[in-house]
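Engineer: Supplied in C-alpha cells, the structure appears directly below.
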Amino acid sequence: MSDRPTSGAPGAPGGRTTGPASAVTVPGLPDEAYEHDGQLTKRETRAVTLAALAPRPGELLWDIGAGSGSIGIEWSRSHATCGAVAVETDPERAARIGANAKALGTPGLRVVVGRAPDVLERLAETAAPDAVFVGGGLTVPGVVERCWAALRPGGRLVANAVTAETEAEIVRHRAALGGELTRIQISRSTPVGRFTGWRALMPVTQWVAVKNGTGTGA
C-alpha cells in the first residue's frame with residue numbers, strides 16, 4: 001500500500017458533488033470558494049501556479065505556508081490519486097484548511113501544524129514529494145534547501161514572492177539552483193463612477209525550478 005496521502009477528486013467517494021465549484025477540476029476556482037483571512041493565492045495566480053507545479057496522477061505535493069490551502073486543494077482536485085500535505089504554523093488557519101478541503105471535495109488532504117523547516121525532515125521520512133510549493137516562509141533559513149533536498153528527481157519547486165524581501169530570496173536561490181523567473185501582474189475591472197476601470201493586484205514573482213537526477217536544477 002502506498003504511504004502517500006490521497007485526496008478524493010470531485011465526484012470521487014468522499015468528495016463534494018454539488019454546486020458550481022465542485023464540478024470544476026481545472027485550477028482556478030473562484031476566490032469566493034474559500035474561507036480565508038486574506039492569506040489566499042488569487043484565482044489567476046493560482047491557475048498559473050498549478051500549471052507550473054504540473055500535477056500528474058499519483059504524485060505528492062508539499063504546500064509550505066499553506067494559508068487557506070488553495071494550492072494543495074486544487075492540486076488534489078486534479079486527479080483522485082494526487083495527494084497533498086499542507087504545512088501551516090497557525091492552528092486557526094490549519095483548521096480552516098481542513099474545512100476548505102472537506103467543502104471542496106478533498107478531505108484526504110493532510111494538514112500539518114508546524115514550522116518549516118523543522119517539520120520537513122519528518123515528512124520526508126514518510127514520503128518524498130514530487131512537487132513543492134512555497135507560498136510562505138521563503139525568508140526562513142533552510143526552508144528552500146530542505147524542500148529541494150527532499151524533492152524526487154524530476155520534481156518541481158515553485159515559489160511565489162510578493163514582497164521585495166521574498167523576491168530577493170528567490171533570486172538568490174535561482175542563482176544556486178537554476179530555474180525560471182516569471183512576473184505575474186493581474187488587473188481586475190472595477191466601477192469608476194458610471195464607467196469601468198482597472199485595479200491592479202499586487203504583482204507576484206514566481207520561481208520555477210526542476211530537480212534533475214544529480215540533485216541540481218534544470
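Engineer: Quick one: in the range 50-99, which of the residues that are under 9 Å from the mean Cα position of the chain (by Cα) and part of a loop (DSSP other than H, G, I, E, B) is nearest to residue 114 (Cα to Cα)?
Structural biologist: This residue is 65.
Engineer: Can you go through 191, 153 and tell me which one is outside any strand (DSSP E or B), over 14 Å from residue 207 (Cα atoms) and modelled with pLDDT of 95 or more?
Structural biologist: Values: 191 fails: outside any strand (DSSP E or B).
Answer to the selection: 153.
Engineer: Moving on. Which of the residues spanning the range 114-126 are open to solvent by 50 Å² or more (accessible area, probe 1.4 Å) and either modelled with pLDDT of 95 or more or within 11 Å of residue 142 (Cβ to Cβ) (or both)? Before you say what the answer is, go through the steps one by one.
Structural biologist: Start the filter on the range 114-126 by keeping residues that are open to solvent by 50 Å² or more (accessible area, probe 1.4 Å), which leaves 115, 118, 121-122, 125-126.
Within the range 114-126, 115, 118, 121 meet the criteria.
Engineer: What number of residues within the range 140-170 are open to solvent by 40 Å² or more (accessible area, probe 1.4 Å), over 15 Å from residue 120 (Cα atoms) and in contact (Cβ under 8 Å) with a residue 24 or more places away in the chain? Quick ask: steps written out before the conclusion?
Structural biologist: Of the residues in the range 140-170, the ones open to solvent by 40 Å² or more (accessible area, probe 1.4 Å) are 140-141, 145-146, 149, 152-153, 162-165, 167-169.
So of that shortlist, the ones also over 15 Å from residue 120 (Cα atoms) come out as 153, 162-165, 167-169.
With the extra rule that they be in contact (Cβ under 8 Å) with a residue 24 or more places away in the chain, the set shrinks to 153, 162, 165, 167, 169.
Residues in the range 140-170 being open to solvent by 40 Å² or more (accessible area, probe 1.4 Å), over 15 Å from residue 120 (Cα atoms) and in contact (Cβ under 8 Å) with a residue 24 or more places away in the chain: 5 in total.
Engineer: Quick check: anything in the range 71-93 over 25 Å from residue 153 (Cβ atoms), of a type in the set (S, T, N, Q) and surrounded by fewer than 24 Cβ atoms within 10 Å (Cβ to Cβ)?
Structural biologist: Looking through the range 71-93, at least one residue is over 25 Å from residue 153 (Cβ atoms), of a type in the set (S, T, N, Q) and surrounded by fewer than 24 Cβ atoms within 10 Å (Cβ to Cβ).
Engineer: Say we look at the range 171-204 and pick out the residues that are open to solvent by less than 70 Å² (accessible area, probe 1.4 Å) and free of Cβ contacts under 8 Å to residues at least 12 places away in the same chain; which of these is farthest from residue 133 (Cα to Cα)? Give the steps one after another, and end with the answer.
Structural biologist: First pass over the range 171-204, keeping only residues open to solvent by less than 70 Å² (accessible area, probe 1.4 Å): 173, 177-179, 181-182, 184, 186-187, 190, 197, 201, 203-204.
Then drop every residue that is not free of Cβ contacts under 8 Å to residues at least 12 places away in the same chain, which leaves 190, 197.
On the way: 190: 31, 197: 33 Å.
Looking at the filtered set, the residue picked out is 197.
Engineer: Taking only pairs six or more apart or across chains, which ones have beta-carbon atoms under 6 Å, a first residue in the range 112-139 that is over 27 Å from residue 163 (Cα atoms), and a second residue that is in a helix (DSSP H, G or I)?
Structural biologist: What qualifies is 124/150; 128/150.
Engineer: Something else now. How many residues, within the range 1-46, are open to solvent by 30 Å² or more (accessible area, probe 1.4 Å), modelled with pLDDT of 50 or more and under 16 Å from residue 82 (Cβ atoms)?
Structural biologist: Counting residues in the range 1-46 that are open to solvent by 30 Å² or more (accessible area, probe 1.4 Å), modelled with pLDDT of 50 or more and under 16 Å from residue 82 (Cβ atoms) gives 4.
Engineer: List the number of the failed condition for residue 133; all other conditions in (1) open to solvent by less than 10 Å² (accessible area, probe 1.4 Å); (2) aromatic (Phe, Trp, Tyr); (3) part of a helix (DSSP H, G or I) hold.
Structural biologist: All conditions pass for residue 133, except number (3).
The values are calculated or read from the model by the stated rules, or taken from the named source; none is laboratory data. Treat the numbers as computed from the prediction; the structure is a model and nothing was measured. All Cβ positions, glycine included, derive from the backbone under ideal geometry; neighbour counts span all protein chains shown. Keep in mind that these areas ignore ligands, DNA and RNA; they rest on the heavy atoms of the full protein, side chains included. Shrake-Rupley method; radii C 1.70, N 1.55, O 1.52, S 1.80 Å.
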